[in-house]
Amino acid sequence: MEIPKPPIGSPWYDMSVAAPPNIKWCEEQLTGWFIEPANTWSNLLFIIVGIYIMFHCRKYKDPFLRIFGPGAIVVGAGSFIWHMSYNFYTQLLDFYAMFIIFLIPLLYNFRRLRWITESNLYSYFFLLINLLTGMVVVFHIVKVPFQSIVFILIVLTIVSEVLISRKEEEHRKSYKPFILAVVCLAIGATFSALDASRVYCDPQDHIFQGHAIWHIMCALTVLFAYKFYLQFDKARFFDIK
């Protein structure tokens with residue numbers, strides 16, 4: 001994909017030209033502080049969801065579960081900044097934030113499968129965040145779409161959950177929140193793909209954009225994923241034999 005320069009007069013113009021991102025979404029870019037308004041403001045739902053989770057999870061014990069709230073806020077802020085500024089530096093920040101939120105359920109599942117222990121859960125968490133962020137830089141240099149990394153994390157999470165559901169029948173909880181999370185993610189990914197391919201594309205519409213819908217559906221995905229994993233706090237899934 002050819003990456004166009006942002007409009008001359010944008011306060012982000014020099015940074016965007018010096019370090020262009022690897023993708024251009026459908027929305028027409030404006031010259032103000034918010035280059036892509038719809039793709040920017042749609043991230044506010046992440047922050048709302050994150051604040052809700054932070055207040056809701058105070059009565060629960062699992063410290064790893066509590067990362068969902070701050071993680072959602074960081075994702076919302078990172079994506080907000082990236083779409084308002086349109087350059088690789090803030091795009092990298094956006095992916096760093098996404099790795100935080102997508103690694104939470106994946107590592108939960110790895111622990112439930114006993115592939116990692118509770119004692120090294122955080123070590124793997126921070127190691128993988130930084131490793132994957134480094135991979136984004138490498139992929140960007142060699143011009144490989146690094147959005148594929150997020151797709152792989154999603155697939156691994158779903159596959160690991162399927163493995164758990166077969167292995168721990170007696171400990172199965174309600175899968176309704178997990179299914180809702182996957183459905184929301186699939187809907188968001190579909191709209192984002194339609195946006196990127198220009199199948200669903202109205203550049204002048206700064207309210208409804210396919211990629212903006214991706215943000216909204218991802219925020220709901222985080223909420224439903226949190227509701228799903230919340231079930232394991234009371235059961236203390238770390239102690240499941």
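The values are calculated or read from the model by the stated rules, or taken from the named source; none is laboratory data. All values derive from a computational prediction rather than experimental measurement. All Cβ positions, glycine included, derive from the backbone under ideal geometry; neighbour counts span all protein chains shown.
Key figures for this structure:
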{"item": "V150, sole failed condition from (1) part of a helix (DSSP H, G or I); (2) out of contact with any Phe, Trp or Tyr (no Cβ under 7 Å at 6 or more places or on another chain)", "result": "(2)"}
{"item": "Condition broken by N130, with the remaining ones in (1) of a type outside the set (D, E); (2) at pLDDT 95 or above; (3) surrounded by 13 or more Cβ atoms within 10 Å (Cβ to Cβ); (4) closer than 27 Å to D62 by Cβ satisfied", "result": "(3)"}
{"item": "Candidate set: the stretch 40-89, residues that are among the hydroxyl-bearing types (S, T, Y) and within 28 Å of S123 (Cβ to Cβ); chosen: the one surrounded by the most Cβ atoms within 10 Å (Cβ to Cβ)", "result": "S79"}
{"item": "Any pair with Cβ under 7 angstrom, 6 or more apart, that starts in the stretch 117-137 at a residue that is touching a residue at least 12 places away in the same chain (Cβ under 8 Å) and under 11 Å from Y96 (Cα atoms) and ends at one that is buried (at least 17 other Cβ atoms within 10 Å of the Cβ) and of a type in the set (S, T, Y)", "result": "I129/Y96; T133/Y96"}
{"item": "Test: residue in the stretch 122-136 that is within 26 Å of M217 (Cα to Cα), among the hydrophobic types (A, V, I, L, M, F, W, C), assigned to a helix (DSSP H, G or I) and more than 18 Å from the chain's Cα centre (by Cα)", "result": "no"}
{"item": "Residue satisfying condition, being closer than 24 Å to G134 by Cα, modelled with pLDDT of 95 or more and polar (S, T, N, Q), within set S42, S79, S16", "result": "S79"}
{"item": "The stretch 1-54: number of residues that are within 25 Å of T190 (Cβ to Cβ) and either under 22 Å from the mean Cα position of the chain (by Cα) or of a type in the set (A, V, I, L, M, F, W, C) (or both)", "result": "25"}
{"item": "Segments classed as helices (runs of 4 or more DSSP H), wholly inside the stretch 1-116, with at least 3 members that are charged (D, E, K, R)", "result": "88-112"}
{"item": "Residue in the stretch 18-27 that is within 29 Å of I158 (Cα to Cα), among the β-branched types (V, I, T) and free of Cβ contacts under 8 Å to residues at least 60 places away in the same chain present", "result": "no"}
{"item": "The stretch 164-179: number of residues that are in a helix (DSSP H, G or I) and farther than 14 Å from L107 by Cα", "result": "10"}
{"item": "Set V150, V144, V159: member being free of Cβ contacts under 8 Å to residues at least 12 places away in the same chain and closer than 30 Å to F88 by Cα", "result": "V144"}
{"item": "Enumeration of residues in the stretch 146-163 that are of a type outside the set (S, T, N, Q) and under 16 Å from the mean Cα position of the chain (by Cα)", "result": "F146, I149, V150, F151, I152, L153, I154, V155, L156, I158"}
